[in-house]
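Undergrad: Provided herewith is a single structure, encoded as C-alpha cells, for subsequent inquiry.
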Amino acid sequence: MRILLVEDDEVIAESLMALLRKQGYSVDWVGSCKDGDLKVFEESYDCVVLDRGLPDGDGITLIPTVREHIPDASILVLTARNRSEDVITGLDSGADDYLGKPFLPRELLARVRSLLRRGSRRGNPSRVTVGEIAVDTSTQTVTKAGRVIDVSPREYALLEYLLMHRGEAQDRQSLLEHVWGEAADMFSNTVDVHIRYLRKKLDSPGQESLIKTIKGKGYRI
C-alpha cells in the first residue's frame, strides 16, 4: 500500500517513514501544502497522512484535492492541534480519522491499518481468497490451505496490491511505485525477484502459478 506523508518536521517525518516502511508500506514525503497538492494531482495513494501546521497553510486544505483526484484514498490528520474544536474541524473537512501529537507508534500503525482495511470506497474485503491462498488484510497474514506462510513485509505488500487489483495486469513501474515508493530504482529487477520469492512460497508443484506473467504488460492475479 502506498502512503503520502505531508509533514514539515524533518525529524518526525524521518521517524514516521521508518516506522511505516518497516511494516511494508511504500511512503512518499513532502513538507508543504503546495508540494502535497502537486503529489496528489500527479500520483495515486491508498492513504494520506497529513499535518495541519504546515509552512504555507493548514494541511486540511489539501483534503478537497485528495477527494477529487484520488477518491479511494483514506485521510488521517496527524497534528499537535488536538483540541475538540480542531478535531471537529478536521473531521468535518473530510478526514477519515484524526490523531493528536504526541502519539504512540503502535496507535498510529493501528489507525493506518484500520483505514486501509476499511476499503469501503473500493469494496475491498478484509479477507481475500484465491484457490488455497487466503490473505487477511486486517492481520497481514497469508495462509495456504489453512497453513500460515511466512512472507516478508515487502512480499506481503506486493501480494496484497496484486490481489486488490485482481484481474488487472500491473506493470513493473506501477508495482515499484506502490510497493517500494518513488525512490525505487525503475531499472532494477526488484519486482521480478520478489515475484519469484512469492511463487516459491505460494505455488504448488505441477500447478499453474497464482501470479501470472502477462507478456509486455507485467503481472496479474
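Undergrad: Determine if segment 96-109 includes at least one residue that is over 30 Å from Asp203 (Cβ atoms), over 19 Å from the mean Cα position of the chain (by Cα) and either among the β-branched types (Val, Ile, Thr) or assigned to a strand (DSSP E or B) (or both). I'd like the intermediate steps shown before the answer.
TA: First pass over segment 96-109, keeping only residues over 30 Å from Asp203 (Cβ atoms): 96-109.
Okay, now just the ones that are also over 19 Å from the mean Cα position of the chain (by Cα), so 100-104.
In the following step, the residues that additionally are either among the β-branched types (Val, Ile, Thr) or assigned to a strand (DSSP E or B) (or both) were identified as 100.
Scanning segment 96-109, I find at least one residue that is over 30 Å from Asp203 (Cβ atoms), over 19 Å from the mean Cα position of the chain (by Cα) and either among the β-branched types (Val, Ile, Thr) or assigned to a strand (DSSP E or B) (or both), so the answer is yes.
Undergrad: How many residues, within segment 73-84, are part of a loop (DSSP other than H, G, I, E, B) and buried (at least 16 other Cβ atoms within 10 Å of the Cβ)?
TA: Total satisfying the criteria: 3.
Undergrad: Still on this structure, I have one more. Checking the conditions here, which among Gly59, Gly90 is touching a Cys at 6+ places or on another chain (Cβ under 8 Å), surrounded by 15 or more Cβ atoms within 10 Å (Cβ to Cβ) and farther than 30 Å from Leu159 by Cα?
TA: On the way: Gly90 fails: touching a Cys at 6+ places or on another chain (Cβ under 8 Å).
Just one listed residue meets the conditions, Gly59.
Undergrad: Out of all the residues in segment 25-46, which are surrounded by 22 or more Cβ atoms within 10 Å (Cβ to Cβ) and under 21 Å from Thr137 (Cβ atoms)?
TA: Listed by number, the residues that qualify are Tyr25, Ser26, Val27, Tyr45, Asp46.
Undergrad: Further question: What is the residue count in segment 38-74 for residues that are free of Cβ contacts under 8 Å to residues at least 40 places away in the same chain and either of a type in the set (Lys, Arg) or touching a Leu at 6+ places or on another chain (Cβ under 7 Å) (or both)?
TA: 4
Undergrad: Okay, moving on. Restricting attention to segment 145-160, and to residues there that are in contact with a Lys or Arg (Cβ under 8 Å, 6 or more places away or on another chain) and outside any helix (DSSP H, G or I), which single residue is surrounded by the fewest Cβ atoms within 10 Å (Cβ to Cβ)? Reasoning before the result, please.
TA: First, pick out the residues of segment 145-160 that are in contact with a Lys or Arg (Cβ under 8 Å, 6 or more places away or on another chain): 149-151, 153, 155.
Those still in the list that are outside any helix (DSSP H, G or I) too: 149-151.
Working: Ile149: 18, Asp150: 7, Val151: 22.
My answer is Asp150.
Undergrad: Among all residue pairs at least 6 apart or on different chains, which show Cβ distances below 7 Å where the first residue, located in segment 149-173, is within 14 Å of Met1 (Cα to Cα) and the second is surrounded by fewer than 20 Cβ atoms within 10 Å (Cβ to Cβ) and among the hydroxyl-bearing types (Ser, Thr, Tyr)?
TA: Matching pairs, first to second residue: Glu155/Tyr197.
Undergrad: Here are some conditions: (1) over 30 Å from Ile221 (Cα atoms); (2) touching a Gly at 6+ places or on another chain (Cβ under 9 Å); (3) of a type in the set (Asp, Glu). Glu85 meets all but one. Which one does it not meet?
TA: Among (1) over 30 Å from Ile221 (Cα atoms); (2) touching a Gly at 6+ places or on another chain (Cβ under 9 Å); (3) of a type in the set (Asp, Glu), the lone unmet condition for Glu85 is (2).
Undergrad: I'm trying to understand the selection: among the residues of segment 8-24, which are under 17 Å from the mean Cα position of the chain (by Cα) and surrounded by 15 or more Cβ atoms within 10 Å (Cβ to Cβ)?
TA: Selection gives Ala13, Leu16, Met17, Leu19, Leu20, Arg21, Gln23, Gly24.
Undergrad: Of everything in segment 132-144 that's surrounded by 14 or more Cβ atoms within 10 Å (Cβ to Cβ) and in a loop (DSSP other than H, G, I, E, B), which residue is modelled with the highest pLDDT?
TA: Narrowing segment 132-144 to residues surrounded by 14 or more Cβ atoms within 10 Å (Cβ to Cβ): 132-137, 140-144.
Next, from what is left, pick out any that are in a loop (DSSP other than H, G, I, E, B): 132, 137, 140.
Values: Glu132: 87, Thr137: 77, Gln140: 81.
Per the criteria, the residue is Glu132.
Undergrad: Take segment 200-216 and flag every residue that is loosely packed, with under 13 Cβ neighbours inside 10 Å and either part of a helix (DSSP H, G or I) or outside the structural domain of Gly131 (by TED's automatic domain parsing) (or both).
TA: Selection gives Lys200 alone.
The values are calculated or read from the model by the stated rules, or taken from the named source; none is laboratory data. Just so it is clear, the structure is predicted and the values come from calculations on it, not from any experiment. Positions of Cβ are backbone-derived with ideal geometry, glycine not excepted, and every protein chain shown enters the neighbour counts.
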